[in-house]
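The structure is given below, and queries will be raised subsequently.
The values are calculated or read from the model by the stated rules, or taken from the named source; none is laboratory data. Everything quoted here is computed from the prediction, not taken from an experiment. Backbone-built Cβ (ideal geometry, glycine too); neighbour counts: all protein chains shown. Heads up: the accessible areas ignore ligands, DNA and RNA and are worked out on the full protein's heavy atoms, side chains in. Shrake-Rupley method; radii C 1.70, N 1.55, O 1.52, S 1.80 Å.
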Amino acid sequence: MTTYFIRRILLMIPTFLGSTILIFTILQMAPGGPLERTIQQLQAGAMQAGEAVGSVGDIMGGGSSVLPESALRELKRFYGFDKPVHQRYLTWLGVWPREIKHREVEFHNGALEAQKNVGRGTYMTLRLKGDQVEVLDKDGIVSKLWKAAIDEEGSKENVILTTIFQTEFSGILTGNLGTSYTYDQPVTEVMAPRFKISVFFGLTGLMLSYIVCIPLGIRKALNHGSAFDFLSSVTIFIAYSIPGFALGGVLLVLFGGGTFWDVFPLGGFRSPTEVWESLSLWGQIKDQLWHAVLPIIAWSIGSFAGLTILMKNSLLENISQDYIRTAFAKGLQEKRVVWVHAIRNSVIPIASGIGGVIGVVIAGSYLIEKVFNIDGFGKMGFEAILDRDYPITLGFLVIVVMIRLVANILSDIALASVDPRIRFK
Amino acid sequence: MPEQQEISLSILKKRWLKFKTLKRGYYSFVLLLMLYGLSWFLPILINNRALMVSYEDELYFPVISGYYSGSEFDQDVPGEAAYRQLQASWKQADSDNWLIMPPYPYSPFEDITVKGNKMYDPPSRQHWLGTDNTGRDVFSRLCYAFNISISFALVLTILNYIIGVIIGGSMGYFGGKFDLFFQRIIEIWSSLPMLFVIIIISSIIRPSFFILIFIYTIVNWIGMTYLMRAEFYREKSKDYVAAALSMGQTNFKVMFKHILPNSMVPIITYFPFAVVGGISALVGLDYLGFGMPPPTPSWGQMLDVGLQNISKWWMVFAPVSAQFVTLIMVVFIGEAVREAFDPKVYSRLR
Amino acid sequence: MKRIQIIVLLILALSLVFWSCGGGEKQAADNSTVSINIASKDMTTLAEDGGYGFEDLAAELGYVTYDMKPEEQIFFGDPRAKKGGMFRHITTRFPATMRTEGQNANYVENNTVSGLCYEGLITTHPLTLEFISSLASHWKIADDKMKFWFRVNPDARWSDGREVIADDVIATWDLHMDETILSPSDQLVYGKFERPVAESKYIVSVVCKELSWRNLLYFGGMAILPSYYLNQIDGSEYLKEYQFKMLPGTGPYEIKEGDIVNQESFILTRRLDHWAKDDPMTKYTANFDKIKFMVVKDNNPLMFEKFKKGESDFYTVSKAREWVEETDFESIQKGWIQKRKIYSEKPAGTSGFAFNMRKWPFDDKRLRMAFTYLYNREKMNEEMYYSEYSMMNSMYSGSVYENPDNEKVFYNPEKAVKLLKEAGYKTRNEDGWLVNKDGRILRFEIAIMKGVDYMVTPVQQMMKDYGIDMQIKYIDGNANWKNLMERNFTIYMQSWGGLVFPNPETSLHSSLADKDNNNNIGGFKNDRVDELLVEYDKTFSQARRVEIIREIDGIYSDIHPATWGIARNYQRVLYWDKFGYPEYMVSRFVGDYRSAFSLWWFEPEKEAALEAAMTNNTDLPVGDVDVKFWPEYLKANNKE
């Protein structure tokens, strides 16, 4: 079994590469990337919603007209779009050096040397040598840090444009997922707190649905065809057909205190930071749970149906198995037969499903997070897609893929440990 | 071979008879089938085009033949005749002309631009479920959306089944390297960001029913392959397969003539749940604005608008309850089908 | 027994999860108070170099300033204003950065912060838009209008206590011109000037590269940042270092360290040592001790609920339906929350459809006009918007720039049908669509974003009645923008933002018409407009500029590259009744919630009354909904 799992883990490598290439390619095809977004932001300014869509102008001036060539070049370079796709992918992986700290240097009228301030008053000397550019520091020694290259596109007849830059290997393999365009922060920093929030809601909701669904499924199976079975089916399917986010919105209006009863806080993951920090440990726990009640209800309402029915069917199937018949024949008590023999085996499909569920849990639920104004993982991912925040989008998708791959393996392990008949080769 | 088919037919028959005894599921099935069948005749049931017009002793059938301009019936309206008004004015003038409107004479598209339609009309005799934020009849939209939802789910599921059976079946049947390779492909393919695919495609063309089906199928077939792979994998080791192979049957024949009929049980029992998934998927897409283009009636769009106008209860109530009724019927059918197809008897043993 | 174990296990697991989330985004609150040494008065700099005593020499040297007339006091803040209290406001996004310049700092939030924490050299009069002093007490314009001098007020101090000097202006300009701040529009705007020169400690001069009346506006309005910090870093370091950290400012507010909680809230705190706190032009503004911005993303219902619960103080109602149907709840009936419709001269919102004049079918003016006559906006306003809006007939609807001679368009199907016939669309096919003699159906596509479909589907029905097939599709914002910029559209839903100083060159100049990636969306070309645009930039008389813009507006209306829809020139607001405010409530040209930050104040008596009313469940007086101060003021003063 160990070798089986080692093989499975090794097989994750090609899958990972394949998936990331696929995601990367699709992203490149999407209309309107970060470059266009930046231009839009500069040209149109920010917009507000309403019937009468008013753009927010200022007394001082509107959007600017046409961005000059050099500005576009600068932006392209910043986003890395001056490089071919495969190079961008490899850079993102971290196996191709990434160019950072760009600066443009122009050589006018056949000049062969130019100086450039590279920050904090440090000047570097650039020297043209054919189609190579040499970078010298102030002592005239070739710089190890700085490199330079000729920019063919930006060069004109008597102006040769070069860029001076540093390189580093940093990509997903070195643990760097890049910097978010919309948050202006490292992707990992953006993701970490949101990931935790989604895990909190996901796992709590998951546990809640297990606590409810397994006993309910058992009860329904044992009373198959009864009025209870019918009524509970109707109830869970009413719950299933009410979208969680819709319910969330209604609950907030009802219990948020704005219009009707002031029972629960109006959204948020927990109290505002300044309040939160003043709370005692017990106060923090209470506050956290207080905020969690409504989102958890909204989150789990739809998940009851599937799990309950799965549990019920699985138990029904087991009860009609021969071994149960045998057990009854041997005169065992019904309680013992059902609880000890049948249920243990009925949990197997649920256990094997856990892997898939985990992926869903972690990905969070965009709409519920939006309704409750919680900065979760799902909301982050969805917004990143709409905002064309590629570093976040890539990071988000990759993490979701990885979780699914790991979860698949986990559910195989779970299956193997619950069901003694299963053997992996 | 004919012999075998006869046997499987009779098994099917038996199962059907069993299914019929399961009242809850059976009635749901009949009802849903009827409703869906009926929904194809919506243009003659719920529409603002007259079924039949008798004007100056000549008969017209606008529902079938389509566009007639108002001037044809001497009505002073731009473009198409407004049949409801025509009917009212003829009645008032006691003229010899007459027309028959569909039983529910409102189309899902006519909004405040049509005289007499108001937004946010609460449910009434005219508008059974009120009107929405642009004055469109909610009941009419609900019914048309029902047809679209079910059709979407059915076509999607069938397509998924075809692809799933072929790919999943081959994986299970051939196994080995082929299986391993395709598993990786599937794992990679399942990481395809759906939303981006939709954004890319809808920036180029206007998404229609079939384009949406196509987009959704791109990702959705994967779930089916897992099921079919496991099924074929298990069946493959059974004796009848070896027997068929030893008789010189081709792989293709073995897969589709022998194994497939024997794997029917999971295929059919899974079907209703796949349909439920399809319905929910379309609702979600429409809700997020990545689905059918406006003004196509859809439950997701209605839900979205309803939630924005939550004080107008009928706009939320309508799509939620329609979805609920449909889902629960499909689920009851699913339960019954499963029970009918399963040879084991689910009864309490004591 | 087992069940108990399971429960215990669950609780353990839950608490584990709970603690794993504990870390969170904690911002270490730095409580160590830095004692600020305010630089003492500099008596050494000579008067002619801008030191104390310059006031007396100014006129002689050709410098001007603006002295506030006593009757204008009210427009610079109400003398009844009291200092204190907190104003809580909900915004829809947390800014990507708290910087006020550079990449991603182009949003309203950054702008607001910049306006409250930093100051420019000069600013504009709230009533007349004349230049008035800010950091610079005096300024001089060369006769050829190509060079400006500014004398920085020697009293001006940074919040770290340092003096404001000419070098600060240069350092700020340098920052804007540094391409590594990744904000290319900065280089466009400030590249219109040579590098400023410090003539002395307090006097700074700048030379323009081209003649334009806007130059003084741009340069004078540039928010000045402290050179002491800027000189230590370059552009890319500025981006990193001041991402969520404020540079010291000169304005009345500052953001303290620890008051920025990323993605959650930030608080502006009033500075007690603001250098101009006794100046009558600023004395009665910036009255709140704290202004708190809280973030609720993309979730209007929640924002509204939070306001109703009292978690925020102010709410702007953006939709007519919300205003009419949902603002009659108990707190409003009882007068706890006040409801106002405030008119100002700031066009608050406009909408309409822009055509692509480069391609079929809207390359034909007759079709553009036909669409316009068929677009029954009056009906939509009546049936869907509760008659809340007025009809737009100008790009500059509701402002002085509106050309009064523009055709007042009304729904007119006869005219439309006639135009369609002239354009060759005479017959209908069997589906009822108009076709021309080649059999081409009059069919085009409009791409909209989700959420505005209710504004478009009725238009679709209107067109359908007359045989025009307008097909709608949803598109995401970025894809839509890309299509727009690549001119890959037929018709587009547009809004016209109201600028106090219009800048039509960017959207109307012929040279942009055939190029991609600019704001000349419709492909507008007109020689007369090009001429006017050249003149416009070089015209220093506001009256003449108004004439020019009106003429352009007239030509635009005639060529008709767009169908105008509805507009409103008022704000619909709700607020808890605990504030004092000047009679006019919002300033003439800002016109929205941002006026409250500087002009409103917290009224302790009102709050006490509100609290008493809420505990005893009694009523408070309900004020008049319509606030028409500005229209009436303008009428009374006979100013347009």
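Does at least one position in region C:438-451 carry a residue that is open to solvent by less than 60 Å² (accessible area, probe 1.4 Å), part of a helix (DSSP H, G or I) and within 14 Å of chain A (Cβ to nearest Cβ)? Write out each step before concluding.
Of all residues in region C:438-451, those open to solvent by less than 60 Å² (accessible area, probe 1.4 Å) come to C:439, C:441-442, C:444, C:446-448, C:451.
In the following step, the residues that additionally are part of a helix (DSSP H, G or I) were identified as none.
Scanning region C:438-451 turns up no residue that is open to solvent by less than 60 Å² (accessible area, probe 1.4 Å), part of a helix (DSSP H, G or I) and within 14 Å of chain A (Cβ to nearest Cβ).
Any idea which of (1) within 14 Å of chain C (Cβ to nearest Cβ); (2) of a type in the set (Val, Ile, Thr); (3) open to solvent by less than 10 Å² (accessible area, probe 1.4 Å) is the one residue B:114 doesn't satisfy?
(3)
Condition check ((1) touching a Lys or Arg at 6+ places or on another chain (Cβ under 8 Å); (2) in the same structural domain as residue B:287 (by TED's automatic domain parsing)) across all residues:
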position: B:61; (1), (2): no, no
position: B:130; (1), (2): yes, no
position: B:149; (1), (2): no, yes
position: B:160; (1), (2): no, yes
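Among the residues of region C:322-352, count how many are assigned to a loop (DSSP other than H, G, I, E, B), crowded, with 22+ Cβ neighbours inside 10 Å and within 12 Å of chain A (Cβ to nearest Cβ).
3
Among C:166, C:198, which is the only one that is touching a residue at least 12 places away in the same chain (Cβ under 8 Å) and in contact with a Gly (Cβ under 9 Å, 6 or more places away or on another chain)?
C:166
Is it the case, given these coordinates, that residue A:215 is within 13 Å of chain C (Cβ to nearest Cβ) and exposed (fewer than 15 other Cβ atoms within 10 Å of the Cβ)?
yes
Which one of B:300, B:291, B:334 is in contact (Cβ under 8 Å) with a residue 24 or more places away in the chain, open to solvent by less than 30 Å² (accessible area, probe 1.4 Å) and within 14 Å of chain C (Cβ to nearest Cβ)? Explain how you work it out, then say what you get.
Numbers: B:300 fails: in contact (Cβ under 8 Å) with a residue 24 or more places away in the chain; B:334 fails: within 14 Å of chain C (Cβ to nearest Cβ).
Answer to the check: B:291.
Test each condition in (1) in a helix (DSSP H, G or I); (2) within 14 Å of chain A (Cβ to nearest Cβ); (3) not acidic (Asp, Glu) for residue C:372 and report the one that comes out false.
(2)
Kindly provide the set of residues from region A:119-143 that are open to solvent by 40 Å² or more (accessible area, probe 1.4 Å), outside any strand (DSSP E or B) and either in contact (Cβ under 8 Å) with a residue 12 or more places away in the chain or not basic (Lys, Arg) (or both), ordered by number.
Result: A:121, A:122, A:130, A:131, A:137, A:138, A:139, A:140, A:141.
Please verify whether region B:126-137 includes one or more residues that are at positive phi, in contact (Cβ under 8 Å) with a residue 24 or more places away in the chain and not aromatic (Phe, Trp, Tyr).
Yes - at least one qualifying residue is present in region B:126-137.
Here's the yes/no breakdown for (1) open to solvent by less than 20 Å² (accessible area, probe 1.4 Å); (2) assigned by TED's automatic domain parsing to the domain that holds residue C:115; (3) at positive phi:
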site	(1), (2), (3)
C:222	yes, yes, no
C:246	no, yes, no
C:278	no, no, no
C:282	no, no, no
C:306	no, no, no
C:315	yes, no, no
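Which of the residues that make up region C:268-321 are touching a residue at least 60 places away in the same chain (Cβ under 8 Å) and in a helix (DSSP H, G or I)?
Of everything in region C:268-321, those that are touching a residue at least 60 places away in the same chain (Cβ under 8 Å) and in a helix (DSSP H, G or I) turn out to be C:303, C:306, C:307, C:320, C:321.
Another question, then. Confirm whether residue C:421 is over 30 Å from residue C:481 (Cβ atoms) and part of a helix (DSSP H, G or I).
yes
Can you tell me which residue among C:180, C:172 is at pLDDT below 90 and out of contact with any Pro (no Cβ under 8 Å at 6 or more places or on another chain)?
The conditions single out C:180.
Is it true that residue C:81 is free of Cβ contacts under 8 Å to residues at least 60 places away in the same chain and either over 18 Å from the mean Cα position of the chain (by Cα) or surrounded by 20 or more Cβ atoms within 10 Å (Cβ to Cβ) (or both)?
Criteria not met by residue C:81.
Open to solvent by less than 50 Å² (accessible area, probe 1.4 Å) and over 30 Å from residue A:383 (Cα atoms): which single residue out of A:146, A:92 fits that description?
Exactly one residue qualifies, and that residue is A:146.
A follow-up question, please. Got a sec? Which strands (runs of 3 or more DSSP E) wholly within region B:22-120 have at least 3 residues that are among the hydrophobic types (A, V, I, L, M, F, W, C)?
Counting at least 3 such residues, we get B:98-100.
Might you check whether a residue that is open to solvent by 40 Å² or more (accessible area, probe 1.4 Å), of a type in the set (Asp, Glu) and under 28 Å from residue A:399 (Cβ atoms) occurs anywhere in region A:159-168?
yes
Among the candidates C:81, C:47, C:58, which residue alone is of a type in the set (A, V, I, L, M), in contact with a His (Cβ under 6 Å, 6 or more places away or on another chain) and away from chain A (no Cβ under 13 Å)?
Residue meeting the stated conditions: C:58.
Follow-up. Name the single residue, out of those in region A:71-97 being touching a residue at least 60 places away in the same chain (Cβ under 8 Å) and farther than 20 Å from residue A:23 by Cα, that is farthest from the other protein chains (Cβ to nearest Cβ).
Result: A:97.
Also: Could you grab me the full set of residues in region C:356-384 that are touching a His at 6+ places or on another chain (Cβ under 8 Å) and open to solvent by less than 30 Å² (accessible area, probe 1.4 Å)?
Passing the criteria: C:368, C:369, C:372.
Considering each of B:142, B:156, B:129 in turn, give the residue that is crowded, with 17+ Cβ neighbours inside 10 Å, assigned to a loop (DSSP other than H, G, I, E, B) and more than 14 Å from chain C (Cβ to nearest Cβ).
Testing whether each residue is crowded, with 17+ Cβ neighbours inside 10 Å, assigned to a loop (DSSP other than H, G, I, E, B) and more than 14 Å from chain C (Cβ to nearest Cβ) leaves just B:129.
Among the residues in region A:171-180, are any assigned to a loop (DSSP other than H, G, I, E, B), crowded, with 16+ Cβ neighbours inside 10 Å, modelled with pLDDT of 85 or more and facing another protein chain (nearest Cβ under 10 Å)?
Yes, some residue in region A:171-180 is assigned to a loop (DSSP other than H, G, I, E, B), crowded, with 16+ Cβ neighbours inside 10 Å, modelled with pLDDT of 85 or more and facing another protein chain (nearest Cβ under 10 Å).
Which residues, counting only those in region B:198-214, are aliphatic (A, V, I, L, M), more than 7 Å from every other protein chain (Cβ to nearest Cβ) and not in a loop (DSSP other than H, G, I, E, B)?
Once the filter is applied, which keeps residues that are aliphatic (A, V, I, L, M), more than 7 Å from every other protein chain (Cβ to nearest Cβ) and not in a loop (DSSP other than H, G, I, E, B), region B:198-214 yields B:198, B:201, B:204, B:211, B:212, B:213.
Could I ask something else about it? Would you check if residue C:163 is open to solvent by 10 Å² or more (accessible area, probe 1.4 Å), within 18 Å of the chain's Cα centre (by Cα) and closer than 23 Å to residue C:286 by Cβ? Give the derivation first.
Values: open to solvent by 10 Å² or more (accessible area, probe 1.4 Å): yes; within 18 Å of the chain's Cα centre (by Cα): no; closer than 23 Å to residue C:286 by Cβ: yes.
It is false that residue C:163 is open to solvent by 10 Å² or more (accessible area, probe 1.4 Å), within 18 Å of the chain's Cα centre (by Cα) and closer than 23 Å to residue C:286 by Cβ.
Conditions tested, residue by residue: (1) open to solvent by less than 20 Å² (accessible area, probe 1.4 Å); (2) facing chain B (nearest Cβ under 9 Å); (3) touching a helix residue (DSSP H, G or I) at 6+ places or on another chain (Cβ under 9 Å).
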| site | (1), (2), (3) |
| --- | --- |
| C:396 | no, no, yes |
| C:417 | no, yes, yes |
| C:428 | no, yes, no |
| C:434 | yes, no, yes |
| C:457 | yes, yes, no |
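For residue A:12, state whether it is within 14 Å of chain C (Cβ to nearest Cβ) and at pLDDT 80 or above.
no
Let me ask another. So, in region A:267-296, of the ones that are in contact with a helix residue (DSSP H, G or I) (Cβ under 7 Å, 6 or more places away or on another chain) and touching a residue at least 24 places away in the same chain (Cβ under 8 Å), which residue ends up nearest to the other protein chains (Cβ to nearest Cβ)?
A:267
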